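Undergrad: Let me give you the structure first, and then I'll get to my questions.
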Amino acid sequence: MSMRRIVSLTAFLSFLVTFLTSIILYIVPEGRVAYWADWRLWGLSKEEWGAIHINVGFLFLLSLLLHIYYNWKPIVTYLKNKAKQVSIFTKEFNAALVLTALFVFGTYFGVPPFSTIIHFGKSFKDAAAEKYGEPPYGHAELSSVKTFAKQMNIDLEKGMLLLRQAGYRVDSDAWTLKEIAEQNGVSPQQVFLAMSDAIQTAEQSVGLPEKPAPGAGNLTLADFCTQYHLNVKMIMRSLKDAGITSEADMTIKEIGEANQTGAIEVYEQIRSFADRSNEQ
């Protein structure tokens, strides 16, 4: 067997796998969405695709280093000038260096078309969040039933009863939603839906809730105001007074990004204005 051929073929095959996993990870939903909805592609979860990408990526790098070793003479030839003297900064090397630097700095400064590539991938993630739904809070699937019930204002006893009536095996309220989901072959989201009828409805409070609802950042300002019965023009004016520029068709998240702040800060500003309006 030829070691040189093995190295070259390994580099080629590992490149193909890395290329495939790169595309999948480019379009995969955000972690919070993927874990909540138990997102899978061809039977593999986000974590499993990520693990394959990392390990095969290491194989690709290793085979690439060996490939360079076995092809060192041709590479040195590429670095020779017309006088056949080794010169690192040949025209070809400079072109490769400029091209690489262009991608690095273009991405860093967020200029098109590099920013377009990033935003295009983000559109897949936003679409997935809309399709699969977002958890009530970050990594809710890791919360025990007891903790989750407290966070979501769920009657624990009734919630446990509903889970068992739905046919889910739950030995203890110390089990996390993820553990229940794995034991019963469902997603954490489905576990939540099974016990959602146990949510205790409190009296409708005036103003916005203290914490934004899941997915609020993906709502346009107009839709957000409609949902909470707010005047969009007055909200835009209040944001402007606070130094935040906005448009009705921009999402809360986009408004935050455009003003170099977070979506939660934009929400707090809107909530503050709504509270002041209710007091008047």
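The values are calculated or read from the model by the stated rules, or taken from the named source; none is laboratory data. A quick note: this is a predicted structure, and the numbers were derived from the prediction, not measured. Please note: Cβ atoms are built from the backbone with ideal geometry, for glycine as well, and neighbour counts cover all protein chains shown.
Undergrad: Considering only region 101-125, state which residues are more than 15 Å from the chain's Cα centre (by Cα) and either surrounded by 15 or more Cβ atoms within 10 Å (Cβ to Cβ) or at positive phi (or both).
TA: Within region 101-125, Gly106, Gly110, Phe114 meet the criteria.
Undergrad: Give the residue that is surrounded by the most Cβ atoms within 10 Å (Cβ to Cβ), with candidates limited to residues of region 256-268 that are of a type outside the set (D, E, K, R) and over 17 Å from Ala213 (Cβ atoms).
TA: Here is the first cut: in region 256-268, the ones of a type outside the set (D, E, K, R) are 256, 258-264, 266-267.
Narrowing the set further to residues that are over 17 Å from Ala213 (Cβ atoms) leaves 258-261.
Numbers: Ala258: 14, Asn259: 16, Gln260: 6, Thr261: 14.
My answer is Asn259.
Undergrad: Before we move on, is Ala128 within 30 Å of Pro212 (Cβ to Cβ), surrounded by 15 or more Cβ atoms within 10 Å (Cβ to Cβ) and free of Cβ contacts under 8 Å to residues at least 40 places away in the same chain? Steps first, answer last, please.
TA: On the way: within 30 Å of Pro212 (Cβ to Cβ): yes; surrounded by 15 or more Cβ atoms within 10 Å (Cβ to Cβ): yes; free of Cβ contacts under 8 Å to residues at least 40 places away in the same chain: no.
The answer is no for Ala128.
Undergrad: Separate question: Would you check which residues across region 32-82 are at pLDDT below 90, among the β-branched types (Val, Ile, Thr) and touching a helix residue (DSSP H, G or I) at 6+ places or on another chain (Cβ under 8 Å) and list them?
TA: Residues satisfying the conditions are Val33, Ile68, Ile75.
Undergrad: Can you tell me which residue among Gly243, Gly207, Gly215 is at pLDDT below 85, more than 24 Å from the chain's Cα centre (by Cα) and at positive phi?
TA: Numbers: Gly243 fails: at pLDDT below 85; Gly215 fails: more than 24 Å from the chain's Cα centre (by Cα).
Only one candidate passes the filter, namely Gly207.
Undergrad: Next question, about the same structure. So, Thr18, is that one in a helix (DSSP H, G or I) and closer than 19 Å to Gly121 by Cβ or not? So that I can check it myself, show each step before the final result.
TA: Details: in a helix (DSSP H, G or I): yes; closer than 19 Å to Gly121 by Cβ: yes.
Answer is yes for this residue.
Undergrad: For region 92-100, check the following and say yes or no: at least one residue is free of Cβ contacts under 8 Å to residues at least 40 places away in the same chain and touching a helix residue (DSSP H, G or I) at 6+ places or on another chain (Cβ under 7 Å).
TA: Within region 92-100, the subset free of Cβ contacts under 8 Å to residues at least 40 places away in the same chain is 92-100.
This time we only want the ones that are touching a helix residue (DSSP H, G or I) at 6+ places or on another chain (Cβ under 7 Å), so: 92.
Scanning region 92-100 turns up at least one residue that is free of Cβ contacts under 8 Å to residues at least 40 places away in the same chain and touching a helix residue (DSSP H, G or I) at 6+ places or on another chain (Cβ under 7 Å).
Undergrad: Please count how many residues of region 136-163 are aromatic (Phe, Trp, Tyr) and assigned to a helix (DSSP H, G or I). Break it down into steps so the answer makes sense when it comes.
TA: To start, the set of residues in region 136-163 that are aromatic (Phe, Trp, Tyr) comprises 137, 148.
If we keep only those that are assigned to a helix (DSSP H, G or I) too, we end up with 148.
Residues meeting the conditions: 1.
Undergrad: To continue, here is another question. In this structure, does Leu66 turn out to be over 20 Å from the mean Cα position of the chain (by Cα) and either surrounded by fewer than 15 Cβ atoms within 10 Å (Cβ to Cβ) or among the small types (Gly, Ala, Ser) (or both)?
TA: No; evaluated as a whole, the condition is false for this residue.
Undergrad: Now, a different point. Identify, please: which residue in region 83-96 is within 19 Å of Trp72 (Cα to Cα) and of a type in the set (A, V, I, L, M, F, W, C) and is, among those, modelled with the highest pLDDT?
TA: If we take residues in region 83-96 being within 19 Å of Trp72 (Cα to Cα) and of a type in the set (A, V, I, L, M, F, W, C), then Ala96 is modelled with the highest pLDDT.
Undergrad: Scan region 212-265 for residues that are in a helix (DSSP H, G or I) and either under 19 Å from Pro136 (Cα atoms) or in contact with a His (Cβ under 8 Å, 6 or more places away or on another chain) (or both) and jot them down. Write out each step before concluding.
TA: At the first step, the residues of region 212-265 found to be in a helix (DSSP H, G or I) are 216-218, 221-227, 232-241, 252-258, 263-265.
If the condition is that a residue be in a helix (DSSP H, G or I) and either under 19 Å from Pro136 (Cα atoms) or in contact with a His (Cβ under 8 Å, 6 or more places away or on another chain) (or both), then Ala216, Gly217, Asn218, Phe224, Gln227, Ile252, Lys253, Ala263, Ile264, Glu265 are the ones that fit.
Undergrad: Okay, next question. Residue by residue through region 54-63, note down the ones that are crowded, with 17+ Cβ neighbours inside 10 Å and within 17 Å of Ile23 (Cβ to Cβ).
TA: Within region 54-63, Val56, Phe60 meet the criteria.
Undergrad: So, one more: Could you list, in sequence order, all residues of region 145-175 that are under 16 Å from Ala198 (Cα atoms) and hydroxyl-bearing (Ser, Thr, Tyr)?
TA: Passing the criteria: Thr147, Tyr168.
Undergrad: Any chance you could count how many residues in region 69-100 are surrounded by fewer than 12 Cβ atoms within 10 Å (Cβ to Cβ) and assigned to a loop (DSSP other than H, G, I, E, B)?
TA: Within region 69-100, residues that are surrounded by fewer than 12 Cβ atoms within 10 Å (Cβ to Cβ) and assigned to a loop (DSSP other than H, G, I, E, B) number 7.
Undergrad: List the residue pairs whose Cβ atoms are under 8 Å apart, where the first residue sits in region 181-197 and is closer than 21 Å to Gly31 by Cβ, the second is among the hydroxyl-bearing types (Ser, Thr, Tyr) and in a loop (DSSP other than H, G, I, E, B), and the two are 6 or more positions apart or on different chains.
TA: Ala181/Ser187; Val186/Tyr168; Val191/Tyr168
One line per residue, one yes/no per condition, for (1) assigned by TED's automatic domain parsing to the domain that holds Thr251; (2) surrounded by 16 or more Cβ atoms within 10 Å (Cβ to Cβ):
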| residue | (1), (2) |
| --- | --- |
| Lys158 | no, no |
| Leu163 | no, yes |
| Ala166 | no, no |
| Val170 | no, yes |
| Pro188 | no, yes |
| Glu210 | no, no |
| Cys225 | yes, yes |
